[in-house]
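To start, the structure under review is shown below, and the notes come after it.
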Amino acid sequence: MALALDDPHWSPTVHIPPELIPSILQHISPTSSFPPLPPIQTFTDGPWQQYRHDLRAFVQFALVCRTWSTFTREIMFHTLIVPWLDESILQLCSVLRQFGSYSRVMIIFTMDASDPMRLLNRNHFCAVLEACFRLMPQMEKVEIYGTMDKIFGHSMPTEVGCFEFLSLRSLKVAGSVGHSGKSLLRALGHAAASLETLEIMYFGIWPSDYRLPTPLGKLRSLILQCTYLSVPGVIDLLRGPGEDASSGQTLQKLVIIPSHLQFIPPDITPLLTFDSTGNRLRFLMIHRLDPCRSLACCPALETFVYVSPTSSNIFPFLPRTLRRLAISATLLSPSDRFVAYISSESARNLVQLAVDVKQDAYLAFTTTSEPFASVTKACKDAGVSLTWIVPGMLGLGLEGWDDVTELFQSVQSLPRARLKMI
């Protein structure tokens, strides 16, 4: 297309369709480029300072025109990143008085700074954080990363226990937890009434004999990643303050990835049979746990993820309602068990299959035809979409498995462990 440079009425202005502006701004927003927060390792102040620099630059887009100003504010305030005890929260609180209605997500993390930082004392910071929560009436999710003992320690400020998450639907707590477990659960209790998703990572010690003061009456998804698993403790969490208020009645998604330090993972059958929790589950992902016993308690599953290396034959236990299945490549040898399953009536609703291929199996995948060729053909004949999860591909995303890509990455980062059963 030729440009009419000789036309005196021609303007070099490029008109961007309004519907594309949010996508463009979202792609270049500081939040989209903020690095993943490590749940255990120390987070340094380098990325945080870069984020603040990028945020100041991003604000300039609001000066283009009124339309860009609206989109910029919506994106900029959608997800707020707050370092623990950093005095920048004072400025944030002031700004939220005008723009708090845009905020949906808050990420809080502890940080070890290489340079001196201007910090608030814990009581002051918690008071300001409480004010921020009140200024975000549509906040849906809070994520907390780092050392939980710094946040929910023995001398927990009263402000923490009084947090009122007015519309919080999702809470993620990721970080090492020492003896502050009860304090954390006590603070969690104030968000329990509205929570639909609860994710706990690297919970080192699960407090015993503690129930939330408010039942998790709307909980639909419970994710326990790399966490010390106490089956009685989880049951108490679901049971709530009374015998009649059980979260198991609404729970549809359960993910349990025990800590690799828990050498003998417990039997989760009591959890699945508690108040018929397993009967209501539609999504189950477990790691290093007995898959056959678990499947026997979950007759209505639509998604089952078990990518742990195992010699157990799980195919006779898979429910007919299953639509998505993710397994380890070790289950494909011998391949006749899988071929018999996928061609049977039991797999009539199966739509997607993902196979986790470790490095050693990946070499076999590229050099031999069995068992992968027979599996590929069986899936094609049954009309099932087959995805190979090979080393290094998770960062690219998996078609049809976007909701579990992060969980796949968590499992692959753990030390290898093989569950062998008769």
**Study point:** In region 67-107, residue most open to solvent (accessible area, probe 1.4 Å) [restricted to those that are among the β-branched types (Val, Ile, Thr), within 17 Å of Gln138 (Cα to Cα) and part of a helix (DSSP H, G or I)]
**Key:** Val95
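Do the conditions hold for Gln138, that is, is it open to solvent by 60 Å² or more (accessible area, probe 1.4 Å) and at pLDDT 80 or above? Let's see the steps before the verdict.
Details: open to solvent by 60 Å² or more (accessible area, probe 1.4 Å): yes; at pLDDT 80 or above: yes.
Yes, satisfied.
Is one or more of the residues making up region 355-377 open to solvent by 10 Å² or more (accessible area, probe 1.4 Å), under 18 Å from Gly400 (Cβ atoms) and at pLDDT 90 or above? Let's see the steps before the verdict.
Looking only at region 355-377, we keep the residues that are open to solvent by 10 Å² or more (accessible area, probe 1.4 Å), and these are 358-374, 376-377.
Still in the list and also under 18 Å from Gly400 (Cβ atoms): 376.
When the remaining residues are screened for being at pLDDT 90 or above, the result is none.
Scanning region 355-377 turns up no residue that is open to solvent by 10 Å² or more (accessible area, probe 1.4 Å), under 18 Å from Gly400 (Cβ atoms) and at pLDDT 90 or above.
Could you check region 229-246 and list, in sequence order, the residues that are at pLDDT below 80 and crowded, with 18+ Cβ neighbours inside 10 Å?
The answer is Leu229, Gly240, Ser246.
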Check your understanding: Using beta carbons and a limit of 8 Å, which pairs, at least six apart or on different chains, have the first residue in region 289-302 and in contact (Cβ under 8 Å) with a residue 24 or more places away in the chain and in a helix (DSSP H, G or I) and the second one open to solvent by 10 Å² or more (accessible area, probe 1.4 Å) and among the β-branched types (Val, Ile, Thr)?
Key -> Arg293/Thr269; Ser294/Thr269
Check your understanding: Which pairs have Cβ atoms under 7 Å, sit 6 or more apart or on different chains, and link a residue in region 54-76 that is within 14 Å of Glu19 (Cα to Cα) to one that is open to solvent by 60 Å² or more (accessible area, probe 1.4 Å) and assigned to a helix (DSSP H, G or I)?
Key -> Thr67/Pro18; Trp68/Phe61; Thr72/Phe61
Exercise for review: Being out of contact with any His (no Cβ under 7 Å at 6 or more places or on another chain) and of a type in the set (Gly, Ala, Ser) is the filter; apply it to region 307-338 and report the residue that is most open to solvent (accessible area, probe 1.4 Å).
Suggested key: Ser333
Study note, to complete from the structure: Of the residues in region 182-214 that are within 25 Å of Asp403 (Cα to Cα) and modelled with pLDDT under 75, the one that is surrounded by the most Cβ atoms within 10 Å (Cβ to Cβ) is Phe203
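The values are calculated or read from the model by the stated rules, or taken from the named source; none is laboratory data. Everything quoted here is computed from the prediction, not taken from an experiment. Virtual Cβ from ideal backbone geometry, glycine too; neighbours counted across all protein chains shown. Each accessible area value is taken on the protein alone, full model and side chains, heavy atoms only, with ligands, DNA and RNA left out. Shrake-Rupley method; radii C 1.70, N 1.55, O 1.52, S 1.80 Å.
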